[in-house]
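Chemist: Sharing a structure below in structure tokens format, with a few things to ask.
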Amino acid sequence: MCGIIGYCGPLDAQKVLLDGLTQLEYRGYDSAGIALFDEKSRIHFIKKTGKVAALRQVCEETPILSHCGIGHTRWATHGGVTGENAHPHIVGRVTMIHNGIIENYQYLTEKYRLGERLHSQTDTEVAAAALNEIYDGEPFEAIRELLSQLEGSYAFCIMFEDRPGEIYAVRNVSPLVAAHMGSGAMIASDLTALLPYSKKYFVVPEEQIVKLTAYSVSLYTLDGKKEAPELLEASWNTDAAMKNGFEHFMLKEIHEQPEVLKKTLVPRLNKGLPDFSDEKLPDSLLKEVSSIRIIACGTAMHAGIVARSLIEPRLRIPVTVSIASEFRYEEPLIDEKTLTIVISQSGETIDTLAALRLAKERHSPVISIVNVKGSTIARESDYVIYTHGGPEIAVASTKAYTVQIAALYLLFCRMALVRRVYSEDHARRFTESLLACASAMETMIRQKDTINELVTHIVNCPDAFFIGRGMDYAFSLEGALKLKEISYIHAEAYAAGELKHGTIALITDHVPVIAIATQKPILAKTVSNIREIRARGAYVVLLMTEDETLEESLADVFVRIPKLDDKFTVFPIAVVLQLIAYYASVQKGLDVDQPRNLAKSVTVE
Ligand code: F6R
């Protein structure tokens, strides 16, 4: 959700904040704002609806010489997209930016009789106003008192009018990372904004107060004790968070998949066998669990559905996939014999985090598959398998999905080995085939122009359907999500055999259907379903392996992926589905990397 940045130091603070907000914009992009101490220690603020570019333009017209300031890019949760609702919020001596949701804002409004005095509809202004009521010149005490009254999630950066050159920050759930480098002190919602300045950083612990000045970043417990931060080193470099000549981050990230697949797999292979000793993942756990619960949201959940199709029939243990936001309310049957696997690119998705906490409460051991080092989900899990995808900046997830699947496949292979479902030889053949998927993905990336062409037949249609059976159905779910989120074409995924139980009523002349038929044991059945929709005039794009021959009349366009065992077709198919969505968005002239209403990391329930 919202992006937060704060900077104190010798550099031009306005520039540092605007550059940082550009890096963080994928977290939210409906409005942006900054507040700065000028040379005379007065606070100036500028806020603008729209993208960071609009804010930058105004700032460049009226530059402010400053060495300390805070900035925010918003994804509206509380109150519409207006200049008043944009952050920072300034109330009396307090200037505040916030990511999260203050649940008891009404209580605070009444307690401090703020009603008449508020200018926005935001919960943040309520928090700023409450803090202003409490503040008597002692920042630590005031923040501590405010926190004792707050309910909800928050990451705040705060400047006090009478404390020039200082920024205070505190968080509960919502993420914050901080760094001190030669060129000052910095704090941000995520690492991408810090990377141009520092590879060393620390995750701000919950309920601890950070104080930034030009010379230091200090961490204090709520009772005022100074703590040494636990420094981490980023394995990403700045290039990883840049477009590097690609027109969009999404296209760059699609291209990165073969490489990051290898980065995720290779360090965990020991003589060709999966090895999670670096993760300290005990074989006894993998051997003894009697069921698996996979929990995630969106694309990460779709990765879980693919893993379920792999694991359950082979290990013969029940695997359930839950949407994280539903998990808590479905009275889940989990205990210490259930292995919970949570999947999250950002490691901050609040629904997934809440589900993880519930699983732990019920004594279920938790493994998380996470991309962002040090993120909350990673830290709260019993075991973490980091995917080495590097920063994913495009809002639509691509490489995170395929590396999540790769990590889950490797975990499955280790389980199959320790449960004696696979011999060592079998496991070695499995990991070899898994690694070889990198080149199958490359093959499909090389076909991007063909995919761009086929999309011209889809791009002006209001609806599209994705169908498949078994694992192909699992892939379809992701194909449909990708297409709708960035091209705004209404897309639905159906199990191919289910269409005739209702949905086939929607199939008329030229309705695009992307049919996936890579699962050999059920190919004939899928083909029958394709014939049924062909007979109703659908425009069929058929994705299949190159070794199969099917009648030419079955589809308008054939996209052939390399011959692979059924289990592994997900990797090249994912590339094709991502490219279909990508080119549909490009051909419609839409904002590919920042589609409307979305944000990269969903830190509100
Ligand atoms: C879709 C997409 C989302 C995320 C979901 C979970 O392209 O990116 O559906 O997959 O919001 O996010 P993480 O993986 O960060 O928990």
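The values are calculated or read from the model by the stated rules, or taken from the named source; none is laboratory data. It should be emphasised that the depicted structure is a prediction, and the values quoted were computed from it without experimental measurement. Reconstructed Cβ throughout: ideal geometry from the backbone, glycine too, with neighbour counts over all protein chains shown. To get the accessible areas, we keep the full protein, side chains included, count just its heavy atoms, and leave off ligands, DNA and RNA. Shrake-Rupley method; radii C 1.70, N 1.55, O 1.52, S 1.80 Å.
Chemist: Sum -39500 (n - 2.57) across every DSSP H segment of at least 4 residues in the chain, then divide by the residue count to get the 222 nm mean residue ellipticity, nearest 500.
Modeler: Calculated from helices alone, the mean residue ellipticity at 222 nm is -11000 deg cm²/dmol.
Chemist: Could you compute the FRET efficiency for GLU331 and LYS263, with r as their C-beta to C-beta distance and R0 at 30 Å, rounded to 0.05?
Modeler: Working: r = 39 Å, r/R0 = 1.31.
E between GLU331 and LYS263, to the nearest 0.05, is 0.15.
Chemist: Count charges around VAL527 for me, please; just the other residues with Cβ under 11 Å from its Cβ, Lys/Arg as +1, Asp/Glu as -1. List each step's numbers first, then the result.
Modeler: Values: positive: ARG469, LYS525, ARG531, ARG534; negative: GLU532, GLU548, GLU551.
Residues close to VAL527 contribute a combined charge of +1.
Chemist: Ranked from highest to lowest mean number of other Cβ atoms within 10 Å per residue, what is the order of the peptides 503-516, 94-107? Spell out each step's value before the answer.
Modeler: Values: 503-516: 18.6, 94-107: 22.5.
Highest to lowest by the protection proxy: 94-107, 503-516.
Chemist: If you don't mind, there's one more thing I want to ask. Restricting everything to alpha-carbon atoms, can you work out Rg to Rh for segment 244-445 with a Kirkwood hydrodynamic radius? Spell out each step's value before the answer.
Modeler: On the way: Rg = 16.2 Å, Rh = 16.9 Å.
My calculation puts Rg/Rh at 0.95.
Chemist: Additional query: Given a Förster distance of 51 Å, report the FRET efficiency between ARG117 and ASN597 from their Cβ-Cβ distance, rounded to the nearest 0.05.
Modeler: 0.95
Chemist: At what distance in nm do the modelled label points of GLU247 and LYS287 sit from each other, each positioned 7 Å from its Cα along Cα→Cβ?
Modeler: 5.4 nm
Chemist: Just report the Cα centroid separation between segment 392-434 and segment 5-20, whole Å.
Modeler: After rounding, the separation between the Cα centres reads 41 Å.
Chemist: So with the 1.4 Å probe, I'd like the accessible area per residue for the chain, rounded to whole Å². Each step should come with its number before you reach the end.
Modeler: Values: 22790 Å² over 605 residues.
Averaged over the residues of the chain, the accessible area is 38 Å².
Chemist: Which of the trypsin sites (Lys or Arg not before Pro) found in segment 7-60 are in a DSSP loop and have at most 10 neighbouring Cβ atoms, other than their own, within 10 Å?
Modeler: Working: sites: LYS15, ARG27, LYS40, ARG42, LYS47, LYS48, LYS51, ARG56; in loops: LYS40, ARG42, LYS51.
Here the trypsin sites (Lys or Arg not before Pro) that fit, given the DSSP loop and packing criteria, are LYS40.
Chemist: Also, I was wondering about something else. Go ahead and run the numbers for FRET between ALA505 and GLU605, Cβ-Cβ distance against an R0 of 41 Å, rounding to 0.05.
Modeler: Values: r = 35 Å, r/R0 = 0.87.
My answer for the efficiency is 0.70.
Chemist: Would you give the gap between the C-alpha center of segment 497-574 and the C-alpha center of segment 54-125, rounded to a whole Å?
Modeler: A separation of 51 Å, based on Cα centres.
Chemist: With a sphere of radius 12 Å drawn around the Cβ of THR443, what net charge do the other residues whose Cβ falls strictly inside it have (Lys, Arg +1; Asp, Glu -1)?
Modeler: On the way: positive: ARG446, LYS448, ARG560, LYS563; negative: GLU442, GLU546.
Here the charged neighbours net out to +2.
Chemist: Can you compute 3J(HN,Hα) from phi for each residue in segment 185-190, using the Karplus curve 6.51 cos²θ - 1.76 cosθ + 1.60 with θ = phi - 60°, rounded to whole Hz and x for Gly and Pro?
Modeler: Each residue's phi maps through the Karplus curve to give 10, 9, 9, 7, 5, 8 Hz.
Chemist: Rounded to the nearest 5, what % of DSSP beta bridges with both residues in the chain are antiparallel?
Modeler: On the way: 63 of 102 bridges.
In the chain, DSSP labels about 60 percent of beta bridges as antiparallel.
Chemist: At 0.36 nm per residue, minus the direct Cα-Cα distance, what do ASP12 and VAL58 gain on full extension? Give it in nm, one decimal, please. Walk me through the numbers on the way to the answer.
Modeler: Numbers: separation 46, 0.36 × 46 = 16.56 nm, distance 1.62 nm.
Separation in residues times 0.36 nm, less the Cα-Cα distance, equals 14.9 nm.
Chemist: Please compute the length gained on full extension between ASP463 and GLU84, using 0.36 nm multiplied by the number of residues separating them and subtracting their Cα-Cα distance.
Modeler: On the way: separation 379, 0.36 × 379 = 136.44 nm, distance 3.73 nm.
Taking ASP463 through GLU84 to full extension adds about 132.7 nm, to one decimal.
Chemist: P(r) for the chain: what percent of alpha-carbon pairs falls in each 20 Å bin, starting at zero?
Modeler: It works out to 20, 49, 27, 4, in whole percents.
Chemist: To the nearest whole percent, what portion of all C-alpha pairs in segment 1-112 is separated by more than 22 angstrom?
Modeler: Numbers: 1789 of 6216 pairs.
Everything past 22 Å amounts to 29 percent.
Chemist: Ignoring ligands, DNA and RNA, please state the percent of accessible area on the chain from carbon and sulfur, probe 1.4 Å.
Modeler: On the way: 11220 of 22790 Å².
Result for the chain: 49 percent of the exposed heavy-atom area is carbon or sulfur.
Chemist: So which chymotrypsin sites (Phe, Trp or Tyr not before Pro) in segment 203-237 are both in a DSSP loop and have at most 15 other Cβ atoms within 10 Å of their Cβ? Provide the component values of the computation, followed by the final result.
Modeler: Details: sites: TYR215, TYR220, TRP236; in loops: TYR215, TRP236.
Answer by residue number: TYR215.
Chemist: Restricting attention to the alpha-carbon atoms of segment 455-605, what are Rg (one decimal) and Dmax (integer), both in Å?
Modeler: In order Rg, Dmax, the Cα atoms of segment 455-605 give 15.1, 49 Å.
Chemist: Mind checking the full-extension length gain between ARG446 and GLN208? Use 0.36 nm per residue of separation minus the Cα-Cα distance, one decimal, nm.
Modeler: Working: separation 238, 0.36 × 238 = 85.68 nm, distance 4.93 nm.
Fully extending the segment from ARG446 to GLN208 adds 80.8 nm.
Chemist: Given labels modelled 7 Å from the Cα in the Cβ direction, how far is it in nm from GLU432 to SER216?
Modeler: 5.9 nm
Chemist: Could you compute the net charge surrounding HIS426? Neighbours are other residues with a C-beta less than 13 Å from the C-beta of HIS426; K and R count +1, D and E count -1. Before the final figure, lay out the partial values.
Modeler: Working: positive: ARG314, ARG414, ARG419, ARG420, ARG428, ARG429, LYS567; negative: GLU424, ASP425, GLU432, ASP565.
Every neighbour counted, the sum reads +3.
Chemist: Suppose each label sits 7 Å from its Cα in the direction of the beta carbon; what would the ASP275-ASP38 distance come out to in nanometres?
Modeler: 6.2 nm
Chemist: When only Cα pairs under 8 Å and 6 or more residues apart are kept, what is the percent relative contact order across the chain? Could you put the intermediate results ahead of the total?
Modeler: Numbers: 1353 pairs, mean separation 71.7, N = 605.
Answer for the chain is 12 percent.
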